[in-house]
Amino acid sequence: MDYIAQLDTALNRLHEEGRYRTFIDIERQNGQFPHATWRKPDGSEAPITVWCGNDYLGMGQHPVVLNAMHEAIDATGAGSGGTRNISGTTVYHKQLEAELADLHGKESALLFTSAYIANDATLSTLPKLFPGLIIYSDELNHASMIEGVRRNGGAKRIFRHNDVEHLRELLEADDPKAPKVIAFESVYSMDGDFGPIESICDLADEFGALTYIDEVHAVGMYGPRGAGVAERDRLMHRLDIINGTLAKAYGVMGGYIAASAKMCDAIRSYAPGFIFTTSLPPAIAAGAVASVAHLKKDRDVRALHQERAAILKTRLKGMGLPIIDHGSHIVPVIVGNPVHTKILSDMLLDGYGIYVQPINFPTVPRGTERLRFTPSPVHGPDEMDKLVRAMDDLWAHCALNRAELAG
């Protein structure tokens, strides 16, 4: 086989479909988020505003987080030195797990290097703990959940997105004695819609199933203490396993599950993704502890976040742009064509200093390609005015007419 030719074929296919992903080099400016510096391919630099980041609350540059990380790195050095089983468990890791267990009202929490690994490792390990397990998974679950379900070797059922009646049909068709887990999300990151948590919990009670919820795009941002949508809706006690991230609203890195002490102990003891992975650097864990603790108390930043998202959606709707609005903080503008989406993204960057990456298949279905804006509390009126003016200019006047851009 001509391996190089095969690689060329695969890459050319992405170019032809307009789905080839390009990265831009940016340097975030400490204390100035969402402002950053774009290092262009020719070596020159330009100021930009980041509108597509997952540092939803700007905590990645918050002094309380930075101070905790500086103190930890001065005290312990850079890396953790090994897996949690060898030498990679420090006081910072234990403090963080205690902070997360308290956040979600659970007995215990288990820390991973990312929420992707937490989902993959946990969902792929559950059938080892519950022989004959059937996992019921929402069709729009994150890739990490899909991968964990795919790799677990057990039975799986895929229910239509947020379709509780379809889920019921699938549950009714299976052996009532078989162990079951229903896996879903609280906020789906591409459309910004919410999972029907209470209805799924009702079904889980009726059919004797465990519940597994991904709160990655909700932790820090919803609920009185930032525990997520389940806390906001007073449903945390009905969820058996809660997955979350430290890399979005909390501004650092890492993922976790929160559950009963026995569940966390079993995953800790059986999941290769946990056992054989070097633990997070102590400084990262220390920053996460500080961030989680701070956001448990800071309700104002959550309220401001929702306010900024609502303002942006209102202004974009007023311009007639095809946005999706399910009431969350995520603001998708549907373009409907991968080539057009990339052109619009490039124009915003080159002409206006606005950075928003195109979202294409397979992240979203073909024909629903989009720009996904993530306003934060630190996107002020000036930044919002510039974005709205830029979108108005380009949507109405650029070479691609409005009908083409809408797909």
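Against the chain, whose longest principal axis comes from its Cα atoms, helix 3-17 is set at around 60 degrees.
Loop sites here are chymotrypsin sites (Phe, Trp or Tyr not before Pro) outside DSSP states H, G, I, E and B with no more than 12 other Cβ atoms within 10 Å. The longest part of the chain free of them is 24-275. Across every pair of non-identical alpha carbons in the chain, the mean reciprocal distance, once inverted, gives a Kirkwood radius of 22.5 Å. Accessible surface computed residue by residue for the chain, with neighbouring protein chains in place and a 1.4 Å probe, gives 44 Å² per residue. The listed residues D205, D102, D138 rank as D205, D102, D138 when sorted by accessible area, largest first, using a 1.4 Å probe.
Annotation: amide H-H contacts under 5 Å for I354 (H modelled 1.01 Å from N, sequence separation of 5 or more, or interchain): T49, L349.
Counting only DSSP H runs of at least 4 residues, each contributing -39500 (n - 2.57), and dividing by the residue count of the chain, the helix-based mean residue ellipticity at 222 nm comes to -13500 deg cm²/dmol. Computed from Cα positions, the angle between helix 338-352 and the longest principal axis of the chain comes to roughly 60 degrees. Residues considered: I24, I197, I158. Largest GNM mean-square fluctuation over the chain, using C-alpha springs under 10 Å, is found at I24.
Springs between Cα atoms under 10 Å define the GNM used for the chain, and in it the highest mean-square fluctuation of E206, E185, E99 occurs at E206. Highest mobility in the GNM of the chain, judged by mean-square fluctuation with C-alpha springs under 10 Å and restricted to N141, N85, N152, is found for N85.
Between 0 and 90 degrees, the angle of helix 261-270 with respect to the longest Cα principal axis of the chain falls at about 80 degrees.
Heavy-atom surface analysis with a 1.4 Å probe gives the chain a carbon and sulfur content of 53 percent of its accessible area.
The values are calculated or read from the model by the stated rules, or taken from the named source; none is laboratory data. Everything numeric in this text was worked out from a predicted model, so none of it was measured. Glycine also receives a Cβ, built like all others from the backbone with ideal geometry; neighbour counts cover every protein chain displayed. Heads up: the accessible areas ignore ligands, DNA and RNA and are worked out on the full protein's heavy atoms, side chains in. Shrake-Rupley method; radii C 1.70, N 1.55, O 1.52, S 1.80 Å.
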